[in-house]
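Got a structure for you, written out below as structure tokens; questions coming shortly.
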Amino acid sequence: MTQLIRCFIAVDVKDENVINKIIKVQQSLPNSSLKLVERENMHFTLRFLGEIEPSLVEVIRSALKPIRFEKFVLHLKGVGAFPNSHKPRVIWIGVEEGRENLMNLYSLVNATLKSMRIKLEDEEFTPHLTIARVKYPNKELPRVLDELRDEEFGNITVSAFQFKQSILTPKGPIYKDIEVYPALM
């Protein structure tokens, strides 16, 4: 039996100043009920592909190469939650500026995958950076999220996107780049 590979397409967050601000916010959350995203795993998911055949990994790897985009800046601001701050399941940081550019990159990736007849879930793309998952409700969390709704994190420059493998371990996921697709220079 072929070993399936768990994959997704993302934009990594590598700016240390921004990451340090995110870590500070993560540490301010009442975390007894949270699974925090590790600093090395911070990213914007463009498309989660799930577990796929190794042969399809190679096809997708090649198909994404022709995507062309110019590098752009994202301004990260505000902390929120899905589905909402009163019943949070996922805690995220929002995008205040550069949102259209990220949406355009998402559209290019999606169009490429659809042209390959890869079955994709119809989901609305909401640019966000997941920083924690809520394991079970915490009474303090809605108040803390409300206090952080206008928090500033700064800018990151998006100069590439990544096709990544996700290896699930008991200590959390390990992400490996399958391919990195740089922006036009």
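Which angle between 0 and 90 degrees, to the nearest 10, do you get for helix 99-115 versus the longest principal axis of the chain when only C-alpha atoms count?
Tilt relative to the chain: about 40 degrees.
Which shape class, rounded, prolate or oblate, goes with segment 100-173 when its Cα gyration tensor gives a ≥ b ≥ c as root eigenvalues, a/c under 1.5 marks rounded, and past that a/b bigger than b/c marks prolate?
In terms of gyration-tensor shape, prolate.
Under 14 Å between alpha carbons, and skipping anything fewer than 8 positions from LYS119 in its own chain: which aspartates and glutamates qualify?
GLU51, GLU53
Further, regarding this structure: Going by how many other beta carbons lie within 10 Å of each one, how would you line up ASP122, ASP12, fewest first?
By the 10 Å Cβ count, ascending, the order reads ASP122, ASP12.
Lys/Arg Cβ at +1, Asp/Glu Cβ at -1, dipole of the chain taken about the Cα centre: which of ILE93, THR157, LEU184 is farthest positive-ward?
About the Cα centre, the residue reaching furthest to the positive side is ILE93.
Further, regarding this structure: Divide the volume of the convex hull of the Cα atoms of segment 42-185 by its number of residues and quote the answer in cubic angstrom per residue.
Normalising the Cα hull of segment 42-185 by residue number yields 126 Å³.
Could I ask something else about it? When we measure straight from the Cα of LYS139, which lysines land under 19 angstrom away, once same-chain ones fewer than 8 places off are left out?
Within reach: LYS35, LYS87.
Quick check on the exposure proxy: order GLU40, GLU121 from fewest to most C-beta atoms within 10 angstrom.
Taking fewest neighbouring Cβ atoms as first place, the list is GLU121, GLU40.
Taking the Cα atoms only, what angle lies between the long axis of helix 16-28 and the longest principal axis of the chain, rounded to 10 degrees?
50 degrees
Can you pull out the trypsin sites (Lys or Arg not before Pro) in segment 41-142 that DSSP calls coil and that have at most 15 other Cβ atoms within 10 Å?
Taking segment 41-142 and a limit of 15 other Cβ atoms within 10 Å, the loop trypsin sites (Lys or Arg not before Pro) found are ARG68, LYS71, ARG89, ARG117, LYS119, LYS135, LYS139.
Please give the residues of segment 1-36, grouped as numeric ranges, whose backbone N is less than 11 Å from a label point set 7 Å along the Cα-to-Cβ vector of ILE67.
Backbone N within reach: 8-12.
A follow-up question, please. Can you tell which of ILE174, ILE131, ILE19 shows the greatest fluctuation in a Gaussian network model of the chain with Cα springs below 10 Å?
Comparing ILE174, ILE131, ILE19 in the GNM, the peak value goes to ILE174.
Whole-Hz Karplus ³J(HN,Hα) for segment 156-169, in order, using 6.51 cos²θ - 1.76 cosθ + 1.60 and θ = phi - 60°, x for Gly and Pro?
Coupling constants for segment 156-169: 10, 9, 8, 10, 6, 10, 10, 9, 10, 9, 10, 9, 7, 10 Hz.
Next question, about the same structure. Size of segment 1-114 along its principal axes in angstrom, Cα-based, largest extent first?
The Cα atoms of segment 1-114 stretch 43, 39, 27 Å along the principal axes, largest first.
Readers should treat all values here as calculations from the given coordinates under stated rules, not as data from a laboratory. All figures in this text were calculated on a predicted structure; none of them were measured in a lab. Positions of Cβ are backbone-derived with ideal geometry, glycine not excepted, and every protein chain shown enters the neighbour counts.
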